[in-house]
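Worksheet: the structure to be examined is printed underneath.
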Amino acid sequence: MSDKNKDRSVLLIALQLFLGVGAIFGGGALTLDPSGDLLGMPLSMLEGSIFSSFLVPGIILLVVLGVIPVIIAIGLTCKWTCAIAEKLNVFRDKHWSWTFSLYSGFCLIIWITVQIYIIHGVSVVHIIYMGLGLLIQATSLLPSVQKKYERTP
């Protein structure tokens with residue numbers, strides 16, 4: 001494998017870690033302080049939504065976009081076997097961590113879309129994270145990255 005191909009898989013790992021670490025801090029802060037004050041987010045942002053506090057969104061952010069992407073990054077690095085992840089892997093010819101990279105990109109795009117819908121507005125942060133979700137998917141779909149995570153018969 002050339003250094004160029006290796007760098008592309010390293011980029012995917014870095015993107016997953018960036019997403020995961022940021023969401024662990026953000027989700028952790030919302031879970032610790034469901035009022036949103038710790039992050040300067042007023043509860044009025046949730047008006048018209050099903051949430052009365054940031055607790056449930058914080059837990060979802062912490063787990064789905066925080067802990068799971070860090071696990072994905074470790075899986076991309078070590079390629080360890082995970083029976084539970086394999087059951088959810090729709091691309092049987094690829095390692096579960098590659099498939100879950102695509103999943104995390106979709107989750108992030110959906111998360112941001114729902115946020116925009118709930119708060120009835122778009123900020124620069126939404127655009128950046130929407131771009132991050134698309135970049136995770138695009139990097140996952142690079143032929144050299146796909147090849148790295150193919151299963152060997």
Taking residue 64, is it modelled with pLDDT of 95 or more and loosely packed, with under 12 Cβ neighbours inside 10 Å?
no
Taking region 105-125, which residues are in a helix (DSSP H, G or I), surrounded by fewer than 16 Cβ atoms within 10 Å (Cβ to Cβ) and not hydrophobic (A, V, I, L, M, F, W, C)?
113, 117
Being assigned to a helix (DSSP H, G or I), in contact (Cβ under 8 Å) with a residue 60 or more places away in the chain and farther than 22 Å from residue 34 by Cα narrows it down to one of 102, 135, so name that one.
135
Condition met for residue 9 (assigned to a helix (DSSP H, G or I), in contact (Cβ under 8 Å) with a residue 12 or more places away in the chain and not β-branched (Val, Ile, Thr))
yes
Among the residues of region 129-142, is there at least one that is surrounded by 16 or more Cβ atoms within 10 Å (Cβ to Cβ) and either of a type in the set (Gly, Ala, Ser) or at positive phi (or both)?
yes
Of the numbered conditions (1) closer than 20 Å to residue 136 by Cα; (2) in a helix (DSSP H, G or I); (3) free of Cβ contacts under 8 Å to residues at least 40 places away in the same chain, residue 97 fails exactly one; give the number of that condition.
(3)
Suppose we filter region 72-94 for residues that are assigned to a helix (DSSP H, G or I), surrounded by fewer than 16 Cβ atoms within 10 Å (Cβ to Cβ) and in contact (Cβ under 8 Å) with a residue 24 or more places away in the chain; how many remain?
1
Among the residues of region 33-51, write down those that are out of contact with any Leu (no Cβ under 7 Å at 6 or more places or on another chain), free of Cβ contacts under 8 Å to residues at least 24 places away in the same chain and not hydrophobic (A, V, I, L, M, F, W, C).
33, 37, 40, 42, 44, 47
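The values are calculated or read from the model by the stated rules, or taken from the named source; none is laboratory data. In this text the structure is predicted, and so the values were computed from the model without any measurement. With ideal geometry, Cβ positions are generated from the backbone for all residues, glycine too; neighbour counts draw on all protein chains shown.
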